[in-house]
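Q: Dumping the structure here so I can ask a few things about it.
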Amino acid sequence: MTDYKEEQRNEIEALQSIYPDEIEIIEEQPYYSFKLQVGSQDPDKFPDHAMSAVIQFTYTHDYPDSAPDMLIESTENMDDAQQESLMEFMTSQAEENLGMAMIFTIISSVQERLTDMMEQAAKDQEEAIERKKKADEEAERKRFEGTRVTVESFMAWKLKFDAEKAEMRRLKGFSDGSAKKPTGKEQFMADQSLYDSDVKFLQAEGDTLEVDESLFDNMGDLDLEDDDDDDDDDDPDYQPGDEDD
């Protein structure tokens with residue numbers, strides 16, 4: 001008949017000699033319950049990703065013919081998915097080693113597992129940084145490259161450009177002082193409202209339009225000969241003394 005108590009006690013003594021600083025006995029009765037802290041190897045190699053876990057083991061009445069109760073009490077640099085993965089790994093290790101003292105084997109396997117997880121986390125971060133760098137470089141390249149031109153996009157741009165250029169020339173013609181300004185007649189002919197306003201005015205007055213004849217009483221006092229003199233001055237063939245003729 002197997003003396004489970006004796007085998008369990010012997011394993012505890014061996015574990016205390018191997019892990020004097022890492023093991024903590026919680027209770028001895030009815031069965032041994034203890035904690036062990038285990039971490040990844042070479043943590044200084046990847047200090048930002050170094051992982052460790054505090055695992056609690058409790059013997060069952062027929063350990064090692066049955067697996068011990070195991071609990072991950074705390075971890076460092078591990079998310080929930082990684083903790084779940086580690087728990088599944090420890091369970092499989094226990095099942096593979098039934099019938100023999102297995103705590104040392106489980107702890108050693110966990111240490112290797114944590115080392116692999118640490119290295120993978122560091123690799124994932126490095127790849128993420130590299131992907132971001134390439135994405136930033138691609139975005140910068142596209143920014144300088146601009147929009148790829150097609151025949152359709154060029155023709156659309158050309159029509160818009162020509163229209164804007166024509167509008168600028170039109171506006172410049174209005175604002176340029178050297179540009180030819182329209183005469184009064186041209187303005188009158190161009191602006192139909194000027195003609196319409198006179199017509200409407202006359203229509204509105206109708207037969208009631210009155211003329212103050214007194215305004216013309218002094219017409220005889222006006223020196224109208226000045227106009228004739230002006231006309232003579234305007235004649236290029238005019239010579240002084242021609243008046244006598």
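Q: Only Cα pairs under 8 Å and at least 6 apart count here; give the relative contact order of segment 1-156 as a rounded whole percent. Don't skip to the end; give the middle numbers.
A: Numbers: 175 pairs, mean separation 30.6, N = 156.
Across segment 1-156, relative contact order equals 20 percent.
Q: Is there a quick way to get the dipole size of segment 75-123? I mean about its Cα centre, with the Cβ of Lys and Arg at +1 and of Asp and Glu at -1; what is the value in debye to the nearest 20? Don't skip to the answer; put the middle values down first.
A: On the way: 2 positive and 10 negative charges, 33 e Å.
Dipole magnitude for segment 75-123 comes out near 160 debye.
Q: Moving on. Where the accessible area of segment 113-158 is counted over protein heavy atoms with a 1.4 Å probe, how much of it, in %, is carbon and sulfur? Write out the running numbers ahead of the final one.
A: Values: 2230 of 3990 Å².
Roughly 56 percent, rounded to a whole number.
Q: Something else now. Please give the length that would be gained between A139 and D21 if that part of the chain were fully extended, namely 0.36 nm times their separation in residues minus their C-alpha to C-alpha distance (nm, one decimal).
A: Details: separation 118, 0.36 × 118 = 42.48 nm, distance 5.30 nm.
37.2 nm is the gain from fully extending A139 to D21.
Q: Can I ask one more? Short version: ³J(HN,Hα) in whole Hz for each residue of segment 151-164, in order, from phi by Karplus 6.51 cos²θ - 1.76 cosθ + 1.60 (θ = phi - 60°), x for Gly and Pro, what are they?
A: Each residue's phi maps through the Karplus curve to give 4, 5, 5, 5, 5, 5, 5, 5, 4, 5, 5, 5, 5, 5 Hz.
Q: Can you give me the % of accessible surface on segment 69-108 that is carbon or sulfur? Probe 1.4 Å, all protein chains present, nothing else counted. Please report the intermediate quantities before stating the final value.
A: Values: 1070 of 2260 Å².
Heavy-atom surface of segment 69-108 belonging to carbon and sulfur, 1.4 Å probe: 48 percent.
Q: While we're looking at this one, here's another question. Can you compute 3J(HN,Hα) from phi for each residue in segment 66-79, using the Karplus curve 6.51 cos²θ - 1.76 cosθ + 1.60 with θ = phi - 60°, rounded to whole Hz and x for Gly and Pro?
A: Those phi angles translate into 10, 6, x, 6, 10, 8, 7, 7, 7, 9, 10, 6, 10, 8 Hz.
Q: Using protein chains only and a probe of 1.4 angstrom, how many square angstrom of S153 are accessible, to the nearest 10?
A: In the full protein context, S153 sits at about 50 Å².
Q: Taking all protein chains together and a probe of 1.4 Å, list I12, I25, I129 from the most accessible to the least accessible. Each step should come with its number before you reach the end.
A: Values: I12 5, I25 55, I129 110 Å².
So the residues, ranked largest to smallest area, are I129, I25, I12.
Q: Just flag the trypsin sites (Lys or Arg not before Pro) in segment 60-151 sitting in loop per DSSP whose Cβ has no more than 11 other Cβ atoms within 10 Å. Could the numbers behind the result be given before it?
A: Numbers: sites: R113, K123, R131, K132, K133, K134, R141, K142, R143, R148; in loops: R148.
When the trypsin sites (Lys or Arg not before Pro) of segment 60-151 are filtered for loop state and at most 11 Cβ neighbours within 10 Å, R148 remain.
Q: On average, how much accessible surface per residue is there in segment 63-113, in Å², for a 1.4 Å probe, leaving out ligands, DNA and RNA? The partial results should precede the final answer.
A: On the way: 2690 Å² over 51 residues.
Per-residue accessible area for segment 63-113 comes out at 53 Å².
Q: What do the square roots of 5 times the Cα gyration tensor eigenvalues come to for segment 47-137, in whole Å, largest first, as semi-axes of the equivalent ellipsoid? Spell out each step's value before the answer.
A: On the way: eigenvalues 238, 26, 19 Å².
Ellipsoid semi-axes (Å, largest first): 35, 11, 10.
Q: Output ³J(HN,Hα) for segment 38-48: one whole-Hz value per residue in order, computed from phi by the Karplus curve 6.51 cos²θ - 1.76 cosθ + 1.60 with θ = phi - 60°, and x for Gly and Pro.
A: Karplus-based 3J(HN,Hα) across segment 38-48 equals 10, x, 5, 6, 6, x, 5, 5, 9, x, 6 Hz.
The values are calculated or read from the model by the stated rules, or taken from the named source; none is laboratory data. No experiment lies behind these values; they were computed from the predicted model shown. All Cβ positions, glycine included, derive from the backbone under ideal geometry; neighbour counts span all protein chains shown. Side chains included, ligands, DNA and RNA excluded: accessible areas come from the protein's heavy atoms. Shrake-Rupley method; radii C 1.70, N 1.55, O 1.52, S 1.80 Å.
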